[in-house]
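Following: one structure in structure tokens, then a few remarks.
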Amino acid sequence: MKGSDIRIKLLTLKHQIHQILLEFLASPHAPIYVKVIGVCLAFLLFVLLLQIVSLLWTVLSFHRDPVAYLREYYDPLTPRHVDTSDFRTSDDHVFDLEAYKEELFKLNEFNTYLSDHLPVNRKHKDPRSESCRIAAKRLPPDSDLASTSIIIVMYNEEISALLRTLVSIVLNTPMDSVKEIIIVDDKSSRDELGSRLDKEVAQFPFAKIIRNTKREGLIRSRIIGSKAAVGKVLIFLDSHVEVLQGWYPTIVARVMEDRKNCSLPSGSNNRPHHFKSSL
């Protein structure tokens, strides 16, 4: 059944309940207190149905075409953790954009202003050599890959960079094999990494956040994420990477050959000033 068909059926059910309620209220035999209780229950049911319709529509839209959904949902983000009033020139009329960019750069040691205005679903060319692509054809099919938990540790990470990590995973990974994405927040101090981060991550039904009550460091945070994981294979990623086509089967297949294997992929640097790959 298509997502639109389910939505139509739910709306039809809501309309039928509405008609029953009107007939009930019009009955001269119903006591007034019964009518009041009926109205309250009907209102609560109506709100619940709206929430269900909204949730189903979001989930179905995402799974039907994740690229289109992510492109529609994520607009360029605006940095909110720097007071822009400090970047007026002496005449108090012209905004000093370069000084603003430099201040943002200090927060993360990369071009935060550019990161916040780059699309989170940007496309990359396939960096693999011809021999790598041929070797990939000999790997097990996606349906035979072991289940995985992807663990990402972050501390005061820029939300736009983290979102690019999550979206790149969705677009370049056979998600049927991924049990979950666990984000371990090592007690970040930035305000936007609270409720705003919760809202962004909630758009990914398979992702969850674990928040440390104190600073634990990278290794202990990874251990905390490992203890919460349910996948057979654990994959650890940084919070500001972009995975590319073909990354996942190669890593998982090597671990499936021998559970003692530790697979380390090759990667390139996204230049901190312009975010262009070194490949």
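More than 15 angstrom separation, counting every C-alpha pair in the range 94-160; what % is that?
Of all Cα-Cα pairs in the range 94-160, 73 percent lie more than 15 Å apart.
Using a 10 Å cut-off on Cβ atoms, rank the peptides 119-126, 228-235 from the highest mean neighbour count down.
Highest to lowest by the protection proxy: 228-235, 119-126.
Past 24 Å, Cα to Cα, is the threshold; run Lys125/Lys208; Lys106/Lys199; Lys179/Lys260 against it and keep the listed order.
From Lys125/Lys208; Lys106/Lys199; Lys179/Lys260, over 24 Å: Lys125/Lys208; Lys106/Lys199.
Taking amide H positions as placed 1.01 Å from N in the peptide plane, with prolines and chain starts having none, which residues 5 or more places from Ala207, or on another chain, fall under 5 Å of its amide H?
Hits under the 5 Å cutoff: Ile181.
Given a cut-off of 25 Å, what percent of all Cα-Cα pairs of the range 132-279 lie beyond it?
So the portion of pairs separated by more than 25 Å is 30 percent.
Please work out how much accessible surface Asp144 shows to a 1.4 Å probe, ignoring ligands, DNA and RNA, in Å² rounded to 10.
For Asp144, the solvent-accessible surface is approximately 90 Å².
So, counting K/R as plus one and D/E as minus one, what does the shell of residues with Cβ under 15 Å around Asp126 add up to?
+4
The values are calculated or read from the model by the stated rules, or taken from the named source; none is laboratory data. Please read these numbers as outputs of a predicted model, since none were measured by experiment. With ideal geometry, Cβ positions are generated from the backbone for all residues, glycine too; neighbour counts draw on all protein chains shown. Accessible surface areas use protein heavy atoms only, side chains included; no ligands, DNA or RNA. Shrake-Rupley method; radii C 1.70, N 1.55, O 1.52, S 1.80 Å.
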